[in-house]
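Q: Quick one: the structure is below, and I'll ask about it shortly.
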C-alpha cells in the first residue's frame with residue numbers, strides 16, 4: 001500500500017491526506033473542474049461567505065469515507081456474526097475496497113451541472129441526471145489509466161459512487177451496498193456530514209455543526225433484526241452515538257429552513273434556471289463527457305453578464321434580475337393557519353395573484369427536504385439491535401422541511 005505522503009490543509013478536518021496514485025485522480029480534469037463549481041450556487045449573494053466549491057467538498061467526503069471505513073471494518077467493532085461473514089477477511093481485499101471507496105467518494109459529485117443546479121430535471125435531457133453523468137465520467141477514457149495505476153476496477157468505483165438507487169441494472173452484494181451507503185446514506189452518509197459542516201462553516205450559519213468525531217467513532221455495520229428478523233446489513237451506531245446522530249439530523253432540518261430554503265436563495269435559483277433555459281443550446285446542458293467537463297460556473301457567468309447587457313436576448317430580463325439584484329420579492333409563505341382552513345390555500349392565493357398581476361409577474365415555488373429517512377439500527381449495551389426511531393425521543397419529532405412560497409415582480413408592489 002502507498003504511504004500517505006501528501007496532505008492538504010482543510011478548515012473542517014485540519015488535514016486531508018492522500019497518496020501519490022490518488023493525487024493523479026485529484027489532478028484529473030473531472031476533479032479539477034469542481035474548483036469552478038459553487039457548492040451552493042448563488043447563495044453567496046445572500047451569505048457572502050458561501051463561495052466554497054464542490055472541489056473541497058469532494059476531498060472532504062473522501063477523507064470522511066475512509067475514516068468511517070477504518071472504524072466499521074475494525075475487527076473489534078464487528079459486533080454480530082452475520083456481519084463477520086460480509087466483511088472481507090484478507091488485508092489485500094480490505095485495502096482494495098478502501099481505495100475504491102475513497103475514489104468513489106472523491107468522484108461522487110463530478111456529474112453536477114454548473115452552480116450545482118437543483119433544477120437538473122429541466123436542464124438535462126430526459127432520463128438523465130447528475131448521477132448518470134458521474135458514472136459516464138468514471139468510465140471515460142480520461143480515467144482508464146488512473147484506475148489501472150490504482151489497481152481498482154472501474155465498475156466498482158461506479159457502483160460505490162452512485163449506489164443501488166441509481167445503478168439499478170446491476171446487482172449489489174451486501175458489502176458493496178454498505179460501502180455505497182457510507183457515502184450516500186440518508187441518515188449516516190458522509191456526503192451529508194461534510195456538506196452540513198462545510199456549508200455551516202462558510203456561511204456562518206452555526207446550525208449545521210455537530211460532533212462528527214463522536215458520531216464516526218460509534219458507527220457500526222449492523223443487521224436490521226428489528227425489521228422482521230432481517231439480516232440485511234445497514235450502517236448503524238452504538239447507543240453512545242445516538243445523541244450525535246440526533247444533533248446531525250436536527251442540524252439538517254435547521255440548515256434546510258435557514259439556508260437551503262432561504263427565500264432569496266430560492267428565487268435566485270429560479271431566475272438562474274429561467275436564464276439557463278434561454279441561454280443553453282436546446283435548453284439543456286450537454287451530457288457528453290468531454291463537453292460536460294468544459295462547462296463550469298465561469299462560462300455561465302460570462303453568458304449571464306453578456307445577456308444582461310443584451311436587451312434583444314430572450315433571457316435578458318432573467319440575467320438582469322441576477323446581475324442587478326432586482327429579484328422577485330417574497331409575497332407569501334405557507335402559513336399553518338391557512339392550511340388548516342384550506343389544504344390548497346397557497347395555490348388559491350397564487351391563482352388569484354396571477355389573475356390580478358399576470359402570469360409573468362408571479363412565481364410559485366414548492367419544495368421538500370430530500371433524504372428524510374432517519375431510521376437506522378442501534379446496538380444497545382445489552383447487545384440488542386433496535387430501530388433508532390423506537391428508542392429516540394428526538395428523531396420521530398424532527399419535521400421534514402418544506403416550502404410553499406409565492407414571489408412577485410417588485411414593479412407590481
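Quick note: the coordinates plus some simple rules give every number you see, no bench work behind them. This one's a predicted model, so the numbers in the text were calculated from it and none came from an experiment. For neighbour counting, all protein chains shown are included, and Cβ atoms are generated from backbone atoms with ideal geometry for every residue, glycine included.
Q: Quick one: which of 5-11, 295-301 comes out on top by average Cβ neighbours within 10 Å, and what's the full order, highest first?
A: Most protected by this proxy first, the peptides run 295-301, 5-11.
Q: Calculate the tail of P(r) for the chain: the fraction of all Cα-Cα distances greater than 32 Å, expressed in %.
A: Considering the chain, 41 percent of its Cα-Cα pairs are separated by more than 32 Å.
Q: If you average over every viewing direction, what projected area does the convex hull of the Cα atoms of segment 11-98 give, in nm²?
A: If you wrap the Cα atoms of segment 11-98 in a convex hull and average its projections, you get 8.1 nm².
Q: Once the piece of chain linking residue 201 and residue 370 is laid out straight, how much longer is it, given 0.36 nm per residue of separation minus the C-alpha distance between them?
A: 58.7 nm
Q: Also, I was wondering about something else. Place a label point 7 angstrom from the Cα of residue 122 along the Cα-to-Cβ direction, then list the residues of segment 343-382 whose backbone nitrogen is under 15 Å away.
A: Label zone hits: 359-368.
Q: Normalised radius of gyration for segment 59-207, please: alpha carbon Rg relative to 2.2 N^0.38 Å, two decimal places.
A: 1.10
Q: What full-extension length gain, to one decimal in nm, is calculated for residue 29 and residue 398 as 0.36 nm per residue of separation minus the Cα-Cα distance?
A: Full-extension gain reported as 128.8 nm.
Q: Can I ask one more? Rank-order 214-227, 350-363 by packing density, defined as the average count of other C-beta atoms within 10 Å over each peptide's residues, highest first.
A: Most protected by this proxy first, the peptides run 214-227, 350-363.
Q: Please find the FRET efficiency linking residue 149 to residue 70, where r is the Cβ-Cβ separation and R0 is fixed at 25 Å, and quote it to the nearest 0.05.
A: According to the calculation, E is roughly 0.65.
Q: Hey, another quick one. Once every DSSP H run of n ≥ 4 in the chain is given -39500 (n - 2.57) and the sum is divided by its residues, what mean residue ellipticity at 222 nm do you get, rounded to the nearest 500 deg cm²/dmol?
A: Calculated at 222 nm, the ellipticity per residue is -14000 deg cm²/dmol.
Q: Which residues among segment 274-297 fall inside the zone where the amide N is under 16 Å from a point 7 Å beyond the Cα of residue 316, along Cα→Cβ?
A: 275, 278-279
Q: In Å and on Cα atoms, what radius of gyration and Dmax does segment 178-291 show?
A: According to the Cα coordinates of segment 178-291, Rg and Dmax are 18.8, 54 Å.
Q: Just to be sure I understand the model, the point goes 7 Å from the Cα along the line to the Cβ. What's the resulting residue 381 to residue 132 distance in nm?
A: 5.2 nm
Q: Sticking with this one: Can you figure out the FRET efficiency of residue 51 with residue 90, using R₀ = 60 Å and their beta-carbon distance, to the nearest 0.05?
A: The computed FRET efficiency comes out at 0.85.
Q: Another one. Can you tell me how much longer the chain between residue 171 and residue 14 gets when fully stretched, taken as 0.36 nm per residue apart minus their C-alpha distance, in nm with one decimal?
A: 52.8 nm
Q: If I model a spin label at residue 250 and residue 142 as a point 7 Å from the Cα along the Cα→Cβ vector, what separation in nanometres do I get?
A: 4.2 nm
Q: Which residue fluctuates most in the GNM of the chain (Cα springs below 10 Å): 383, 67, 198?
A: Its mean-square fluctuation being the largest, the pick is 383.
Q: Taking only Cα atoms of segment 104-155, what ratio of Rg to Rh do you get with Rh as the Kirkwood inverse-distance radius?
A: 1.05
Q: Highest mean first, what order results for 236-249, 140-153, 314-327 on Cβ atoms within 10 Å?
A: 236-249, 314-327, 140-153
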